[in-house]
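S.K.: To start, I am sharing the structure in question, which I have written as structure tokens.
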């Protein structure tokens, strides 16, 4: 569903390199909350107008992926990218002024999420990249370009991670425009928009990740050492240097996840309680061990490497926690 979406209004074109200057996907909001009279909304299968339906000149396109293909499309993976040279300057659109963030830092926002589709497919975004309605991308008025955000559909609890590479939406009350694919994975394509929460997410070990973890009281993850000599981790492994304390021991033989190391016991116990509350299946596997100066939070033992990696993925997906896999 397209809702007050503009890839790049005329005022923005003068400020952001490569903008397409496409028109908004529906007229400005009318005094009454009714559908815009032109173009006419698509009809539901019953022949009656579908509230919030997409416009006839937009929609999912003729080659939209089926449900099975859609489910297999992965989320965007946060990377530590330099900010765009032009796309983060202050700008005006539809009579409103915006000042984008110019650094990666914690950000959380709630409001209506909408989406845009084939009407803008292939046009340049504010980053200069072509818009791909089948990618995992989004438009936001002030988040840095490029950056990454986890978008959660509040009614269903579903979440996706998208890469922000465009500006919009500019309609009051709308906080983010997702690609068709991202909105379809969240389940609100047919409704057109939904209440969502937008949270900035960062590459592990990046400056933004460090700030977010400090603000949340989570253990810090050391930035990987640069240079070609650093060995590449297997793609399906969850490997990170937690708290930079160098501890890779485990209490007993088996597969363990180290989740954090703290200088204070209270912080370690707080993380343990948080994990147990969110992931009940791990509650009896969480433990805190202390050596006098360090208090480490671990989960395990797991009977197999695959089981430990599955738990690590659940921790990352549901709590944003990265884990160090330890095998003895």
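S.K.: Restricting the search to the stretch 186-222, which residues are closer than 25 Å to residue 67 by Cβ, part of a loop (DSSP other than H, G, I, E, B) and within 16 Å of the chain's Cα centre (by Cα)?
M.R.: Within the stretch 186-222, just 187 meets the criteria.
S.K.: Restricting to the stretch 75-115, what's the tally of residues that are more than 24 Å from residue 208 (Cα to Cα) and within 21 Å of the chain's Cα centre (by Cα)?
M.R.: Qualifying residue count, the stretch 75-115: 3.
S.K.: Does the stretch 116-124 contain at least one residue that is at pLDDT 90 or above, closer than 30 Å to residue 216 by Cβ and in the same structural domain as residue 177 (by TED's automatic domain parsing)?
M.R.: No; the residues of the stretch 116-124 include none that is at pLDDT 90 or above, closer than 30 Å to residue 216 by Cβ and in the same structural domain as residue 177 (by TED's automatic domain parsing).
S.K.: Looking at the stretch 262-275, can you tell me whether even one residue there is in the same structural domain as residue 82 (by TED's automatic domain parsing), at pLDDT 85 or above, under 23 Å from residue 312 (Cα atoms) and surrounded by 13 or more Cβ atoms within 10 Å (Cβ to Cβ)? Reasoning before the result, please.
M.R.: Let us first name the residues in the stretch 262-275 that are in the same structural domain as residue 82 (by TED's automatic domain parsing), namely none.
Checked the stretch 262-275: no residue is in the same structural domain as residue 82 (by TED's automatic domain parsing), at pLDDT 85 or above, under 23 Å from residue 312 (Cα atoms) and surrounded by 13 or more Cβ atoms within 10 Å (Cβ to Cβ).
S.K.: In addition: Can you tell me how many residues within the stretch 94-141 are out of contact with any helix residue (DSSP H, G or I) (no Cβ under 9 Å at 6 or more places or on another chain), surrounded by 18 or more Cβ atoms within 10 Å (Cβ to Cβ) and under 17 Å from residue 179 (Cα atoms)?
M.R.: The qualifying residues number 10.
S.K.: I'd like the full set of residues that are modelled with pLDDT of 95 or more and in a strand (DSSP E or B), limited to the stretch 129-151.
M.R.: Of the residues in the stretch 129-151, the ones modelled with pLDDT of 95 or more are 137-151.
Scanning the stretch 129-151 gives 137, 138, 139, 147, 148, 149, 150, 151.
S.K.: Can you name the residue in the stretch 288-328 that is loosely packed, with under 14 Cβ neighbours inside 10 Å and without any contact (Cβ under 8 Å) to a residue 40 or more places away in the chain and is also nearest to residue 264 (Cα to Cα) among such residues?
M.R.: Out of the qualifying residues, it is 293.
S.K.: Select from the stretch 172-185 the residues that are more than 13 Å from residue 70 (Cβ to Cβ) and touching a strand residue (DSSP E or B) at 6+ places or on another chain (Cβ under 8 Å) and list them in ascending order.
M.R.: Pass one, the stretch 172-185, residues more than 13 Å from residue 70 (Cβ to Cβ): 172-178.
Within the stretch 172-185, 173, 174, 175, 176, 177, 178 qualify.
S.K.: Can you tell me which residues in the stretch 153-189 are surrounded by fewer than 19 Cβ atoms within 10 Å (Cβ to Cβ) and touching a helix residue (DSSP H, G or I) at 6+ places or on another chain (Cβ under 9 Å)?
M.R.: Passing the criteria: 156, 158, 159.
The values are calculated or read from the model by the stated rules, or taken from the named source; none is laboratory data. Note that the coordinates shown come from a computational prediction; the quantities given were computed from them, not determined experimentally. With ideal geometry, Cβ positions are generated from the backbone for all residues, glycine too; neighbour counts draw on all protein chains shown.
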